[in-house]
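Peer 1: First, the structure itself, so that you have it in front of you.
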Amino acid sequence: MTRGSVPWVVRAVRDWAREIRQGLALVTYRSLDAREAALSELTYAFQSNGWKTERLECGQSTAADFVARVGRSTADALFVLDPDRVLFGEDQRAPFWVNFHRETLAAHPGVQIWWMMPNAAIRFGQELPDLARFFLFREELAEEPAVAERGAGLEWARGQGAEGDLQRARDLLERALRAGASPNVDRARVWLELAIPALDEFLGAGRVEEALAALRRVSEVAGAPEEAIKDAEPRAAAGALRTLARLYGESGRREEALARADEAVRIYRRLDEQQPGDFGAQLAGSLNTLAAMLSDVGRREEGLERAEEAAALYRQLAAAQPEGFLPDLGLSLINLANRLSGVGRGEEALARAEEAVRLYRQLAEGRPGAFLPHLGLSLNNLANRLSGVGRREEALARAEEAVGLYRQLAEKRPAAFRPYLAMLLDNLAIRLSDLGRREEAVTPAEQAVGLYRQLAEERPEAFLQGFARSMNNLALMYREVGQPEEALKLIEEAVSIRRRLAGERPAAFLRDLAASLHNLALVLRDVGRCEEALARVEEAVGLYRQLAEKRPEAFVPDLARSLAVHGSILATDRPGDALKDFEEAIRALTPFLVRLPQAHAPLMQWILDEYRKAAAAAGGEPDPELLAPVEAVFDRLNTKPAE
């Protein structure tokens, strides 16, 4: 991390603010794009911690108005932008007047971060020395071309190897352990000021295992975090709960993650009711997190409700403060599009995805350095939504545009943008395959695997999961173009990696292992190794049964798919035995089809086709009682399968 870069300044200011809680800082900058990137990331960091943030645009304010606005602010973190416009404008008395009211300015209850160009900062120190002495923290945001491309655009796409400072994480952990072992320890402070920031850094570095170990070690000396922070200041407690939710979620403990995310929402909702308008951003952000977690455990309708509420809140905030909240509205629209798609409402999902792209195009025109990454990822989401409603040519065009943007970004800053380029290349391959352009699809899929292989060699803890997923996808591409031996090598490597990951953290990776075993069975069948194929899909079925016992809403559809694959392999030689698999799959999937017909109709259609083929091969007829509720749903959809 380079001193003076956006990540450096963001981390330095964030850490200072969390430590001091009340005081003044001065940041000098040379590039407006770099300043906006740092401001966006700091806003996210502070709001994630439960703080209220505010921007004070000085503009044409008088000196008296400037001091009054600072005095009225109730923000925990106040960003004072270009105060030199007030200090060194037409009113020659302004420096004297502001300096005279330095005690009023310094009395602001939160932290203030003043942003000035270097020459203005020099003049500030010369002409307002008494006020300047109140600034005990200073940072310089250097002008470097790479900074502008960093932006804040990747904060909402975490999980692709965001940078975390391991040294700082370990230092904070050791300090937390020493403090926790002290007599008369304040357990809440140990967690909020030391341990929770350490967990954030571990997670940012992709070190989930170290984060879990840190959680256990600090809990031994300072008690469980949830117990320690229950009486803490509500905003700080909510921020800590969001970190814990992220940790539990990334380690596969989804129910625990969901409980923490839900509690954070309850706290922010209560605060927003007590102080209307002051906590809308924190509530909206927490609702988006909760929406994704609810969907992840199969509670899709509830997830959609939370996503709709979050988007509505961000619309209100963006209407009042476009510069501060339009990027957040874009994120919320993407989240809402995903949730709508998850319940089969494809056209509505598409509308939200299109709105997000329009918003980010507008923002990127004004500040490309800060918002081109947002635009690229929103285009990728739009490609998925277009594909979902059958507009595949348009989906491909958007996917190609997204890849084009990220190729440019990755050329300038490979460390930051290669992971995203790999992800987008995977998606581009899928869009090409959807159009039947399977030979062309292989090239971007191979490029994605190559990028992930490099990334996984450099940081296995952060990228092995993505590498295995990308190999899994390429194996399917090879299968489609008639290269089963190449497909077999890749899918076996993916299974090997996922088996190792699942052995270390079963809660997080059993689902991935089951998916790769399912695909390995298909490839083994292609090369004529049917007994091995049956063994692998039986293992997948066993894993899905295990997962579905704990979380049926999330895993029963996967179980039904693997049962049907098992049946399709059996059907070649033993169609009578295969019928049992198809019947169990239909029986399991029917309640899901009844509740969310659009989401589950494609899978059910395929299972029905295979079931009817097996029944005919066995010399029998499909069970009319079993099929009655399914056919009723297809009748309502006006897409009843052909007899």
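Peer 1: For the condition closer than 21 Å to Asn519 by Cα and at pLDDT below 95, what is the one hit in Ala571, Ala599?
Peer 2: Of Ala571, Ala599, the one residue that is closer than 21 Å to Asn519 by Cα and at pLDDT below 95 is Ala571.
Peer 1: For Glu457, indicate whether it is farther than 21 Å from Leu522 by Cα and without any contact (Cβ under 8 Å) to a residue 24 or more places away in the chain.
Peer 2: yes
Peer 1: Just the residues that are farther than 12 Å from Arg138 by Cα, over 25 Å from the mean Cα position of the chain (by Cα) and either buried (at least 17 other Cβ atoms within 10 Å of the Cβ) or polar (S, T, N, Q) (or both), please, taken from segment 18-27.
Peer 2: Within segment 18-27, Gln22 is the sole residue that qualifies.
Peer 1: Name the pairs: first residue in segment 172-200 and open to solvent by 10 Å² or more (accessible area, probe 1.4 Å), second residue not in a helix (DSSP H, G or I), Cβ to Cβ under 6 Å, at least 6 apart or on different chains?
Peer 2: Correct list of pairs: Arg187/Gly223; Ala188/Ile229; Ala188/Ala232.
Peer 1: For Gly466, state whether it is more than 26 Å from Arg525 (Cα to Cα) and part of a helix (DSSP H, G or I).
Peer 2: No, not satisfied.
Peer 1: For residues that are exposed (fewer than 11 other Cβ atoms within 10 Å of the Cβ) and assigned to a loop (DSSP other than H, G, I, E, B), scanning just segment 628-643, find the one that is modelled with the highest pLDDT.
Peer 2: Step by step, filter segment 628-643, then rank; the result is Asn638.
Peer 1: Checking the conditions here, which among Tyr406, Tyr452, Tyr420 is more than 22 Å from Ser251 (Cα to Cα), aromatic (Phe, Trp, Tyr), assigned to a helix (DSSP H, G or I) and in contact with a helix residue (DSSP H, G or I) (Cβ under 8 Å, 6 or more places away or on another chain)?
Peer 2: Details: Tyr452 fails: more than 22 Å from Ser251 (Cα to Cα); Tyr420 fails: more than 22 Å from Ser251 (Cα to Cα).
Only one candidate passes the filter, namely Tyr406.
Peer 1: Separate question: Just checking, does segment 417-425 include any residue being buried (at least 21 other Cβ atoms within 10 Å of the Cβ), closer than 23 Å to Arg398 by Cβ and among the basic types (Lys, Arg)?
Peer 2: yes
Peer 1: I'm trying to understand the selection: among the residues of segment 285-304, which are in contact (Cβ under 8 Å) with a residue 40 or more places away in the chain, buried (at least 22 other Cβ atoms within 10 Å of the Cβ) and within 12 Å of Ala261 (Cα to Cα)?
Peer 2: Gly285, Ser286, Asn288, Thr289, Ala291, Met293
Peer 1: Another question, if that's okay. What strands (runs of 3 or more DSSP E), lying completely within segment 70-150, carry at least 2 residues that are open to solvent by 30 Å² or more (accessible area, probe 1.4 Å), farther than 30 Å from Glu365 by Cα and modelled with pLDDT of 85 or more?
Peer 2: Result: 135-141.
Peer 1: Name every residue in segment 570-604 that is open to solvent by less than 70 Å² (accessible area, probe 1.4 Å), within 18 Å of Phe634 (Cα to Cα) and of a type outside the set (A, V, I, L, M, F, W, C), in order of residue number.
Peer 2: Glu583, Thr590, Pro597, His600, listed by residue number.
Peer 1: Please go through segment 292-304 and give me each residue that is part of a loop (DSSP other than H, G, I, E, B) and small (Gly, Ala, Ser), ordered by number. First the steps, then the outcome.
Peer 2: Filtering segment 292-304 for residues part of a loop (DSSP other than H, G, I, E, B) gives 297-299.
The one that is part of a loop (DSSP other than H, G, I, E, B) and small (Gly, Ala, Ser): Gly298.
Peer 1: Here is a further query. Please state which one of Ala353, Ala284, Ala264, Ala312 is more than 28 Å from Ala38 (Cβ to Cβ) and either in contact with a helix residue (DSSP H, G or I) (Cβ under 7 Å, 6 or more places away or on another chain) or of a type in the set (Phe, Trp, Tyr) (or both). Give the steps one after another, and end with the answer.
Peer 2: On the way: Ala284 fails: more than 28 Å from Ala38 (Cβ to Cβ); Ala264 fails: more than 28 Å from Ala38 (Cβ to Cβ); Ala312 fails: either in contact with a helix residue (DSSP H, G or I) (Cβ under 7 Å, 6 or more places away or on another chain) or of a type in the set (Phe, Trp, Tyr) (or both).
Just a single option satisfies the conditions, and that option is Ala353.
Peer 1: Count, please, the residues in segment 480-511 that happen to be over 20 Å from Val537 (Cβ atoms) and open to solvent by 70 Å² or more (accessible area, probe 1.4 Å).
Peer 2: Residues that pass the stated criteria total 3.
Let's see how each residue does on (1) modelled with pLDDT of 80 or more; (2) more than 29 Å from Pro414 (Cα to Cα); (3) of a type in the set (A, V, I, L, M):
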| site | (1), (2), (3) |
| --- | --- |
| Pro7 | no, no, no |
| Arg11 | yes, no, no |
| Tyr29 | yes, no, no |
| Tyr44 | no, no, no |
| Lys52 | yes, yes, no |
| Glu57 | yes, yes, no |
| Gln60 | no, yes, no |
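Peer 1: Please enumerate the residues belonging to segment 9-33 that are farther than 20 Å from Gln112 by Cβ and in contact with a strand residue (DSSP E or B) (Cβ under 8 Å, 6 or more places away or on another chain).
Peer 2: Arg30, Ser31
Peer 1: Follow-up question, since we're still on this one. Can you pull out every residue in segment 534-567 that is surrounded by fewer than 23 Cβ atoms within 10 Å (Cβ to Cβ), at pLDDT 95 or above and either outside any helix (DSSP H, G or I) or over 31 Å from the mean Cα position of the chain (by Cα) (or both)?
Peer 2: Those that are surrounded by fewer than 23 Cβ atoms within 10 Å (Cβ to Cβ), at pLDDT 95 or above and either outside any helix (DSSP H, G or I) or over 31 Å from the mean Cα position of the chain (by Cα) (or both): Leu534, Ala535, Glu538.
Peer 1: Another one. Condition first: open to solvent by less than 40 Å² (accessible area, probe 1.4 Å) and either modelled with pLDDT under 85 or not aliphatic (A, V, I, L, M) (or both). Now tell me which residues in segment 151-171 satisfy that.
Peer 2: Once the filter is applied, which keeps residues that are open to solvent by less than 40 Å² (accessible area, probe 1.4 Å) and either modelled with pLDDT under 85 or not aliphatic (A, V, I, L, M) (or both), segment 151-171 yields Gly151, Ala152, Gly153, Leu154, Glu155, Ala157, Gln160, Gly161, Ala162, Gly164, Leu166.
Peer 1: Check segment 53-64 and report whether any residue there is in contact with a strand residue (DSSP E or B) (Cβ under 7 Å, 6 or more places away or on another chain), open to solvent by 30 Å² or more (accessible area, probe 1.4 Å), of a type in the set (Lys, Arg) and closer than 24 Å to Glu323 by Cα.
Peer 2: Yes, because at least one residue in segment 53-64 is in contact with a strand residue (DSSP E or B) (Cβ under 7 Å, 6 or more places away or on another chain), open to solvent by 30 Å² or more (accessible area, probe 1.4 Å), of a type in the set (Lys, Arg) and closer than 24 Å to Glu323 by Cα.
The values are calculated or read from the model by the stated rules, or taken from the named source; none is laboratory data. The shown structure was predicted, so the numbers you read here are calculated from the model rather than taken from an experiment. Positions of Cβ are backbone-derived with ideal geometry, glycine not excepted, and every protein chain shown enters the neighbour counts. Surface areas here come from the heavy atoms of the whole protein model, side chains and all, with no ligands, DNA or RNA. Shrake-Rupley method; radii C 1.70, N 1.55, O 1.52, S 1.80 Å.
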